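Engineer: This structure is in structure tokens; I'll ask about it shortly.
The values are calculated or read from the model by the stated rules, or taken from the named source; none is laboratory data. The model shown is predicted, which means the values in this text are computed figures rather than measured ones. Using ideal geometry, Cβ is built from the backbone for each residue, glycine included, and neighbour counts are taken over all protein chains shown.
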Amino acid sequence: MDQVMSGSKKTRPALVADKRASAKSTRKAPRKRRAPKKKTSRNPLVWLMRLVTRLIWGIGWRITALVTLAIMGAVLFYTATLPPVSALVDGRSRGSVTLLDRDGKVFAWRGEQFGGQITANSVSPHLKNAVIATEDKRFYGHFGISPRGIASAVRINLSEGRGPLSGHGGSTITQQTAKLLCLGTRYTPASGMTEAEFEADCRRTTLVRKVKEALYALAMELRYSKDDILTIYLNRAYLGAGARGFEAAAQRYFGISANEVLPSEAAMLAGLLKAPSRYAPTANLQRSRDRAATILKLMEEQGYLSAEDARDAREYPAQLSSAAEARAGGYFADWVMDQGPNYLTEETTEDVVIRTTFDQKIQSDAEEALQFIFDTKVKSGSKAQAAIVVMSADGAVRAMVGGRKFKGVAGQFNRAIQAKRQTGSSFKPFVYAAALDLGFSPNAAVTDEPYCLDVPGSGQWCPKNYTKDFKGKMTLTQALAQSRNIPAVKILERVGREAVVKIAADFGIESDLAVGPAIALGTSESTLLEMTGAYAGILNGGSSVEPYGLVELRLKGDNSSLLEQEGGIGERVISPKAAKELVYMMHQVVERGTGRRGLLPGREVAGKTGTTQASRDAWFIGFTADYVAGVWMGYDDNTPLTGVGGGGLPAEIWKEAMTRIHEGLPPRALPMSVPETVAVTTPGRERQRRNSGGNTAERVIINILDELFGNR
């Protein structure tokens, strides 16, 4: 109790621990001292790099955004300008000309041939696969451009020492189609460029053009389907020999539609895309087949062909059609194109069909004959040229060889129609034609002897014979057969130079004929076509001939003709009697005279040789009852021929050609009149032999002839 009370009286002291806790809570904790900052030196280079990076980022994303917007705008603009697919498949600015032979078969083309529209769905699957395997194996997977392909092409170009844009382009089929469309720009003459220059400009490879091409390709992918783009490409691609599009090329090379081509043919066509002129099978068939073998390998590697099918295609390569293989008629086709109006031939905007007089077999025969003689009888490496024309008696030209080594392309120099050369003794038949038409007999006598004339302004001129000798008295037939110069000049002077010039001109010699005594020896110039046509006039009975090749011209798909030609026979030049007598005299040229190398066993032949001064030109022109053929031989630069005259190699070329041409034809007699006697007669005796009841004009002529030959 006391303790309790005492405890109540005294105050209990606070615990010491409590006091400490209270004091601790009221006193601030001491601050920790921060470690002093280390001073760092500023690196100007680092600062500058950070600044440049920030600037580049700040400007770069803005430029990227602007470029992206510009690309989108350009693509949308191009997309808006793209027409329907059907308006783009035929991109030709001019038409084509298809030439048919006398049997209605195609033998040549001119201009750009468009065979008709094909589509990616209708074309042969082999062709579609060959094109994709060759040109763009990722075609159905990309969006118009292939960065991987471009990078690979640049790498290859640089590794081969070229510029990055030179050589391999890495272009997709879409980009190639954009280039074919010239980025939507159409050719117009107002551009100041030719069509060829315009296309070359479209194909130029520059950085700016490649950018535009890529934009246009993107627009095409946005506007068209993949098959639409491939359809445009298949129809517009140029594939050599004037073929525009795969349909035209298939028809040109194989004579079939692009819908029907086999793997070997598809590979050959696809191989043309790389270099159409170089790989065209009509230029070099083996080179084209080698290229096709490469395409077949690609098709096999990409799974488009089995190993067995690819092997079969290589073992049995594509065969050209007969027309493409022959490559015949290049010179003839050029000539016929000139016969029609220019707006329907060279500059046609329509597709034209021309039916002609051309005979593919005769052309082949003439070409083979020419090659045979040059291979077997002409010195290797000779640059001598030759030309051949074959026609019917009405002037229908059947074959034309304008020179050696013609490659089948248009526009080469045609020696048959463009080369004007001195005719030599091949002109003499026109001198004798004038005499016969005036009443001379083939048996009339003429004396081969020294003979001189006074030519005003030139003095005395004394013609010489080729053999440098004289034969004395002979018949006109003998004089022509032996090609004696002096008798020819004598007859020219008696019948009159103007009369001979007129007969030659009426027979079709349109070249300027110098009216002088030397004209009898063929010093004037003419073309082989003119001379052959003039001889056709002799064969047909004495009427003029206009050589022709165009029979009918019409628009493709139309049945009505725009132009027609039924024949080339014109007005009469000499009497039928004189023509038949002249045929006989020319027959003797081949039988017994200078043209003996032109003999055709079992067949009657008439003709005439011709050799000019210094042997710069050699001619042989002759005919059977079926065909007339002319051969010229010489150098383009007028270099003299060595040991060659008209009765030599030209006659042998003529014989080789005509032997082939007449194979299988039954022999027919020449339309000639054989004189009653082959004895030499004077004009006086000839007068007695004939009916003495001739008219006054005939008697005057006979008196003149008597005076000419000294039989007074």
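Engineer: Would you say residue 463 is within 24 Å of residue 647 (Cβ to Cβ) and either outside the structural domain of residue 619 (by TED's automatic domain parsing) or modelled with pLDDT of 95 or more (or both)?
Structural biologist: no
Engineer: With (1) of a type in the set (D, E, K, R); (2) in contact (Cβ under 8 Å) with a residue 60 or more places away in the chain; (3) within 29 Å of residue 259 (Cα to Cα) as the list, and residue 199 as the residue in question, which single condition is left unmet?
Structural biologist: (2)
Engineer: If we scan the range 283-299, do we find a residue that is of a type in the set (Asp, Glu), in a helix (DSSP H, G or I) and at pLDDT below 95?
Structural biologist: No, the range 283-299 contains no residue that is of a type in the set (Asp, Glu), in a helix (DSSP H, G or I) and at pLDDT below 95.
Engineer: Just one of 484, 497, 421 is without any contact (Cβ under 8 Å) to a residue 40 or more places away in the chain and buried (at least 22 other Cβ atoms within 10 Å of the Cβ); which is it?
Structural biologist: Criteria check complete, one pass: 484.
Engineer: Name the residues in the range 606-630 that are among the charged types (D, E, K, R) and within 33 Å of the chain's Cα centre (by Cα), would you?
Structural biologist: 616, 617, 626
Engineer: From the residues in the range 202-252 that are surrounded by 17 or more Cβ atoms within 10 Å (Cβ to Cβ) and among the β-branched types (Val, Ile, Thr), which one is farthest from the chain's Cα centre (by Cα)?
Structural biologist: Selected residue: 229.
Engineer: Go through (1) outside any helix (DSSP H, G or I); (2) within 28 Å of residue 521 (Cα to Cα); (3) of a type in the set (Val, Ile, Thr) and name the single condition residue 352 misses.
Structural biologist: It fails just one condition, (2).
Engineer: For the range 180-249, which helices (runs of 4 or more DSSP H) that fit wholly inside it have 2 or more residues that are more than 26 Å from residue 77 (Cβ to Cβ)?
Structural biologist: Ranges flagged: 195-202.
Engineer: Here are some conditions: (1) surrounded by 13 or more Cβ atoms within 10 Å (Cβ to Cβ); (2) under 20 Å from residue 239 (Cα atoms); (3) free of Cβ contacts under 8 Å to residues at least 24 places away in the same chain. Residue 286 meets all but one. Which one does it not meet?
Structural biologist: The failed condition is (1).
Engineer: If the requirement is being assigned to a loop (DSSP other than H, G, I, E, B) and surrounded by 18 or more Cβ atoms within 10 Å (Cβ to Cβ), which of these qualifies: 91, 116, 104?
Structural biologist: Exactly one residue qualifies, and that residue is 91.
Engineer: Still on this model: Return the only residue of 563, 582 being touching a residue at least 60 places away in the same chain (Cβ under 8 Å) and crowded, with 17+ Cβ neighbours inside 10 Å.
Structural biologist: 582
Engineer: Continuing with the same structure: Could you run through the range 255-289 and say how many residues are in contact with a Phe, Trp or Tyr (Cβ under 9 Å, 6 or more places away or on another chain) and among the β-branched types (Val, Ile, Thr)?
Structural biologist: So the count comes out to 2.
Engineer: Separate question: Of the residues that sit in the range 508-528 and are buried (at least 24 other Cβ atoms within 10 Å of the Cβ) and in contact with a Gly (Cβ under 9 Å, 6 or more places away or on another chain), which one is nearest to residue 462 (Cα to Cα)?
Structural biologist: Checking each candidate, the answer is 521.
Engineer: Follow-up question, since we're still on this one. Filter the range 489-510 down to the residues that are among the small types (Gly, Ala, Ser) and in contact with a strand residue (DSSP E or B) (Cβ under 9 Å, 6 or more places away or on another chain), then identify the one that is nearest to residue 571 (Cα to Cα).
Structural biologist: Checked the range 489-510; the qualifying residue nearest to residue 571 (Cα to Cα) is 508.
Engineer: Check residue 457 against each of (1) out of contact with any strand residue (DSSP E or B) (no Cβ under 6 Å at 6 or more places or on another chain); (2) closer than 17 Å to residue 496 by Cα and name the one condition it does not meet.
Structural biologist: (2)
Engineer: Residues to consider are 358, 427; find the one that is part of a helix (DSSP H, G or I) and buried (at least 19 other Cβ atoms within 10 Å of the Cβ).
Structural biologist: Being part of a helix (DSSP H, G or I) and buried (at least 19 other Cβ atoms within 10 Å of the Cβ) holds for just one of 358, 427, which is 427.
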